[in-house]
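Worksheet: one structure, shown below.
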Amino acid sequence: MIEAWNLTKKFDHVLAVDNLSLTVGQGQILGLLGPNGAGKTTTIRMLATLISPTSGRIAINGLDGKKESSQIRAMIGLLTEAPGMYEKISAYANLSYFSSFYGLKEQKKEKNIEKFLKMFGLWDRRQELVGTYSKGMKQKLALARALIHEPKILFLDEPTSGLDPESARMVRDFIVSLKEEKTTVILCTHNLHEASSLCDRVCIIKKQIIKEAALHQLQSTQQATEAEIIFAHHAQKYASLLKKVPGVQQTDAKGNRMRISVKNPEKTNPLVVKKLVEHEARLIYFHEMKQSLEEIYLKIIGKDNHA
C-alpha cells in the first residue's frame, strides 16, 4: 500500500530526511520511532503528499505520489501532531465541513459523523463550540476528522497525546481493530510501550533508517542477559551457589524470587539450571528476561550517537 524509494528532504541547508526507503503492506501497522528532529513528521508529510521530497519517489496504493497526489489524499486519513480545528464552530459543524472535501453523500456523511462522535464520546457535546473543549477532547475530534471518510491508509502522529488513560486505551483498541478492516497505519509515537503493543513492525529513524524489524526480531538479536528464577522456597539460600557458576555476574534474591545477570546466556543458563537441579532446588519457573522495545531502542540510538 505504501512504497517509498530513496526519499530525501532538505529545508534550505537543513537535511531533514536522508535517502529513506520503506514498504508497508495492506493492513499492516508500522511504527516510526526516533528522537525529536529525526524526520518522522517530515516523512509522514511526504508520504501523505502534503510536501514534496527533494528527491526520491513515492507510490500509495499504486498511485504516483507526484502525479496523482489528489487521488492519494482522497484515500488517506491524517492526524498531525498539532491538529487544527475551527474553534468558533461546533464539533458537528467541523466534521460536516471536513467531510465535504471527500464527496460523501449526505446520508453517509451524517451516519459517519454520528458514528465517530459516539465512538470518541463526543456525541452529547456535538453542538458545543470546539473552543470550549479540553485538549483531550480536541484530540479525539481530530481523530474523528481523520477517519470521517473511512480511509484505506491512516497516518497517525502521536494519536494518544493529551488523552486520559481510558481514552488512550480506547484509541489503541481502535487502532488494533483497523487491522480487521485491512486499513494500513503508520504510527509516529514517542510512546514505546504503545508501539510495542500495536505495531507489526517498527522503523527506527534518525534522518535515515537505522533499524527496521518486528519486535520479536529485534528481541531475538539482543541476548537476554538477565533471567528470573522462582523457587518453591526462599531464594537467598542459592545465591552463593549460583555466584560460583561460570558466567553468572550478579544475583539479586527477594523472597522466593531471584534475578541473575549472566555474561553468555546460551552457555550460562543451562549451567545454572543444572547446578540447581543437582542441589535439589524446587524450581517453579525459569524465565529469560527479554529486553523491552525501550531498552532496544535506547541501545540502537545510543550506538548511532557514538557512530
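If the condition is being touching a helix residue (DSSP H, G or I) at 6+ places or on another chain (Cβ under 6 Å) and without any contact (Cβ under 8 Å) to a residue 60 or more places away in the chain, then the stretch 8-30 contributes only Lys9. Looking only at residues in the stretch 46-101 that are charged (D, E, K, R) and within 21 Å of Lys138 (Cα to Cα), the one that is farthest from the chain's Cα centre (by Cα) is Lys88. Note on the stretch 230-250: residues that are touching a Phe, Trp or Tyr at 6+ places or on another chain (Cβ under 8 Å) and of a type in the set (S, T, N, Q) total 0. One residue alone among Thr54, Thr49 is among the hydroxyl-bearing types (Ser, Thr, Tyr) and either within 19 Å of Thr184 (Cα to Cα) or touching a helix residue (DSSP H, G or I) at 6+ places or on another chain (Cβ under 8 Å) (or both), and that residue is Thr49. Within the stretch 250-298, the set of residues being basic (Lys, Arg) and surrounded by 12 or more Cβ atoms within 10 Å (Cβ to Cβ) comprises Arg257, Arg259, Lys263, Lys275, Lys290.
Counting only helices (runs of 4 or more DSSP H) that sit wholly inside the stretch 186-274, those with at least 1 residues that are modelled with pLDDT of 90 or more are 192-198, 239-243. So is Gln236 under 30 Å from Arg172 (Cβ atoms), of a type outside the set (A, V, I, L, M, F, W, C) and either without any contact (Cβ under 8 Å) to a residue 40 or more places away in the chain or surrounded by fewer than 16 Cβ atoms within 10 Å (Cβ to Cβ) (or both) or not? Here the answer is no, as Gln236 does not meet what is asked.
Cβ-Cβ contacts under 8 Å between residues 6 or more apart (or on different chains), taken from a first residue in the stretch 120-132 that is under 18 Å from Asp164 (Cβ atoms) to a second residue that is exposed (fewer than 15 other Cβ atoms within 10 Å of the Cβ) and at pLDDT below 95, are absent. Among the residues of the stretch 81-103, is any of a type in the set (S, T, N, Q), more than 30 Å from Ser52 (Cβ to Cβ) and out of contact with any helix residue (DSSP H, G or I) (no Cβ under 8 Å at 6 or more places or on another chain)? For the stretch 81-103, residues of a type in the set (S, T, N, Q), more than 30 Å from Ser52 (Cβ to Cβ) and out of contact with any helix residue (DSSP H, G or I) (no Cβ under 8 Å at 6 or more places or on another chain): absent.
Picking from residues in the stretch 148-170 that are among the hydrophobic types (A, V, I, L, M, F, W, C) and surrounded by fewer than 20 Cβ atoms within 10 Å (Cβ to Cβ), the one that is nearest to Ile113 (Cα to Cα) is Met170.
The values are calculated or read from the model by the stated rules, or taken from the named source; none is laboratory data. Note that the structure is a prediction, hence the values are computed from the model and not measured. Virtual Cβ from ideal backbone geometry, glycine too; neighbours counted across all protein chains shown.
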